[in-house]
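Please see the structure below; I have some questions.
Computed from the coordinates by the stated procedures, all read-outs in this text should not be read as laboratory data. For clarity, every value in this text was computed on a predicted model and none was experimentally measured. Cβ: placed from backbone, ideal geometry, glycine included. Neighbour counts: every protein chain shown.
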Amino acid sequence: MRLVPRLLLGTSIVIAVLVSMLAAMSGARLTRELEALEVEQQTREARLVAAQWTADADPERIARTFGILLGHRVTLIDSTGRVLGDTEFEGEALRALNNHADRPEVIAAMRGEVGVSTRLSPSIGDQRLYVAVRAARGVARISIDTRQLDSVVARTRRDVFASGIAALITALVLAIAFARTVSRPVEELRDVARALAAGDLTRRPALSAPGELGELADAVHRMAEQLEARLAALQADDALMAALIDALQEGVAAVDARRQVVILNEPARRLLGINDRVPFPADLLPRDPSLREALAGAFTGDSSEPAEITLGGRTVMLTARPLRDGGALLAFFDLTKTRRLEAVRRDFVANVSHELKTPITIIGGFAETLATHEPGEEQRRQFVEAIRGNAKRMQRLVDDLLDLSRIESGGWMPKPERVDLRAVATETTATFNDQAADRKVSLTLAIDARAAALTADATALRQVLTNLVDNALRHTPAGGKVTIFSEPDAKGIALGVRDTGAGISPEHLPRIFERFYRVDPARSREAGGTGLGLAIVKHLVEAHGGRVVAESTAGRGTTVRAVFPERAVTTS
């Protein structure tokens with residue numbers, strides 16, 4: 001709403017409120033004054049009636065006579081509360097009236113006081129003012145209809161409202177003239193202020209006038225100049241600060257003295273898992289005890305030493321520093337990859353050392369024996385075979401490590417071509433026929449006609465099947481069965497190996513594709529495995545854009561299924 005209508009509306013409301021208050025106050029005051037005067041008048045009349053109510057007088061005649069003379073209702077009540085005379089009733093109707101001993105004005109009159117009460121009359125049915133005084137034979141009471149008083153008050157209020165309307169019209173005329181002289185310069189200053197608030201710091205007020213409006217225009221002019229200079233400085237500082245914070249690899253969060261997060265860069269959002277726009281309450285930060293303790297310490301002025309905490313499954317280095325205004329600055333450095341690489345390096349060194357220790361020990365032991373003793377021909381042959389077998393085992397381990405390293409580093413990329421799966425599976429079975437016969441294990445094919453061809457790297461497919469079949473044969477007892485199969489899958493074509501071996505317990509199943517992970521380490525080493533075959537399978541399949549899954553039940557065999565897209569999508 002604009003200034004002139006607001007001034008007019010405000011003036012109207014003020015006058016209307018004042019008129020209403022005056023009418024209400026005058027009405028209430030007038031009502032009290034009229035009631036007081038009426039009570040005084042009725043008291044005199046009641047005492048006059050009481051003086052005329054003698055022992056030999058007829059109370060009914062007195063009540064009727066004075067009711068006519070005074071123009072009011074007159075009631076005469078004996079000391080027991082029985083009505084002996086009443087202006088409005090006579091005969092049987094008079095005797096049928098209720099006992100008045102419980103009326104408040106009668107009770108007060110019986111005590112020698114002037115009884116006054118205003119209430120609804122049960123006998124007549126209108127609102128009445130009662131005044132009663134003590135008489136020689138009981139109580140004399142005078143009552144009038146309060147509507148007479150209300151009509152006087154209503155006329156007075158009408159007069160007050162009429163005067164108020166006249167005053168309102170006069171005030172509105174004066175307010176319009178005054179508002180127009182004030183609104184024009186105020187509107188100009190408003191437009192300038194809006195432009196400044198919107199960022200147009202070139203606007204200046206053109207008003208030049210004496211008095212407060214001129215001083216206000218001059219103040220707005222100076223304020224615009226100062227805002228322009230300060231805004232330019234702040235924008236330069238903000239741009240520099242934003243560039244610095246965004247360039248950091250560490251997460252940064254600033255909390256002000258009101259416990260509101262006012263700065264949060266993108267690395268901090270990722271580590272804390274927060275998408276809220278700043279500012280937001282610090283209570284929305286993760287409820288990690290170490291983080292909360294560091295934040296509380298910074299608020300009290302203490303800097304925390306760098307500490308490792310876990311946020312959302314990630315390892316984070318946390319540092320907290322107090323700010324001069326009472327806030328706190330939190331710095332987060334993601335150590336997850338570093339710790340994971342350290343763990344992988346430790347595990348890799350430990351596993352490789354463990355895998356190489358046994359064959360090196362065997363080779364060294366037999367070589368030393370051959371160098372210091374002269375065993376028989378048969379024993380010498382056994383020693384040489386043992387040395388050669390363990391050397392092959394180390395060679396397989398090194399070859400698998402090189403293959404895995406080449407695949408993981410991106411040094412190998414699949415070369416997709418249309419491959420006949422039955423031919424690849426037949427070639428693989430031919431490689432393992434002698435080994436399967438020695439172990440008395442049946443090696444069969446189950447190539448589905450709907451999944452007989454696949455676009456993929458042929459060499460990779462042979463290596464996948466070779467590793468899966470080799471793994472299955474080593475864990476399938478005599479009389480068991482190993483099957484190479486293919487079948488349609490919702491996401492492409494599944495190629496895998498199914499065996500009837502010992503199976504894998506559920507707690508081991510999720511980890512069998514990890515490097516060097518063995519369900520039964522002793523048995524795997526005895527069977528000649530390197531612990532890298534399934535890891536190589538996993539990387540080869542994923543390089544084609546597929547996935548590999550294992551299903552197994554302890555004592556009932558294992559199925560490893562590599563799902564390839566029908567047209568392989570290679571990934572680096």
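Could you name the lysines in cross-link range of Lys415, using Cα to Cα under 19 Å and dropping any fewer than eight places away on the same chain?
The qualifying lysines are Lys538.
Please arrange Val278, Val419, Val541 by how many other C-beta atoms lie within 10 Å of their C-beta, fewest to most. Write out the running numbers ahead of the final one.
Numbers: Val278 13, Val419 21, Val541 24.
The order, fewest Cβ neighbours first, is Val278, Val419, Val541.
5 Å is the cut-off here: which amide hydrogens, built 1.01 Å from N in the peptide plane, fall below it relative to Leu532, excluding neighbours closer than 5 in sequence?
Phe516
Using the scaling law 2.2 N^0.38 Å as the reference, what is the normalised Cα Rg of segment 413-564? Intermediate values should be presented prior to the final figure.
Details: Rg = 14.5 Å, N = 152, 2.2 N^0.38 = 14.8 Å.
My calculation over the Cα atoms of segment 413-564 gives 0.97.
With Kirkwood's inverse mean 1/r over C-alpha pairs for Rh, give me the Rg to Rh ratio of segment 3-151, two decimals please. Write out the running numbers ahead of the final one.
On the way: Rg = 20.8 Å, Rh = 17.0 Å.
Expressed as Rg/Rh, it is 1.22.
Further, regarding this structure: Ordered by residue, what ³J(HN,Hα) values in Hz, to whole numbers, does segment 378-391 give under the Karplus form 6.51 cos²θ - 1.76 cosθ + 1.60, where θ = phi - 60° and Gly and Pro are x?
So the Karplus estimates, Gly and Pro as x, are 5, 5, 4, 4, 5, 5, 5, 4, 5, 5, 5, x, 6, 5 Hz.
May I pose another question? Filter the GluC sites (Glu not before Pro) in segment 52-126 down to the DSSP loop ones having no more than 15 other Cβ atoms within 10 Å, then list what survives. Don't skip to the answer; put the middle values down first.
Numbers: sites: Glu60, Glu88, Glu90, Glu92, Glu105, Glu113; in loops: Glu88, Glu90, Glu113.
Those satisfying the criteria are Glu90, Glu113.
A further question follows. Please report, for the Cα atoms of segment 248-334, the Rg to one decimal and the Dmax as a whole number; what are they, in angstrom?
Looking at segment 248-334, its Cα Rg and Dmax stand at 11.5, 33 Å.
Follow-up. What ranking of His539, His72, His544, His373 emerges when the number of other C-beta atoms within 10 Å of each C-beta is taken as an exposure proxy, fewest first?
Final ranking by Cβ density, sparse to dense: His373, His539, His72, His544.
Given a Förster radius of 25 Å and the C-beta distance between Ala167 and Arg29 as r, what FRET efficiency does 1/(1 + (r/R0)^6) yield to the nearest 0.05?
Values: r = 20 Å, r/R0 = 0.79.
The value I calculate is 0.80.
Continuing with the same structure: What are the residues whose amide H is under 5 Å from the amide H of Gly501, where those residues sit 5 or more places off or on another chain and H is modelled from the backbone?
For Gly501, the qualifying residues are Gly557, Thr558.
Relative to the present Cα-Cα distance, how much length would full extension add between Glu551 and Asp238 at 0.36 nm per residue of separation? Don't skip to the answer; put the middle values down first.
Values: separation 313, 0.36 × 313 = 112.68 nm, distance 5.70 nm.
Full extension from Glu551 to Asp238 adds 107.0 nm.
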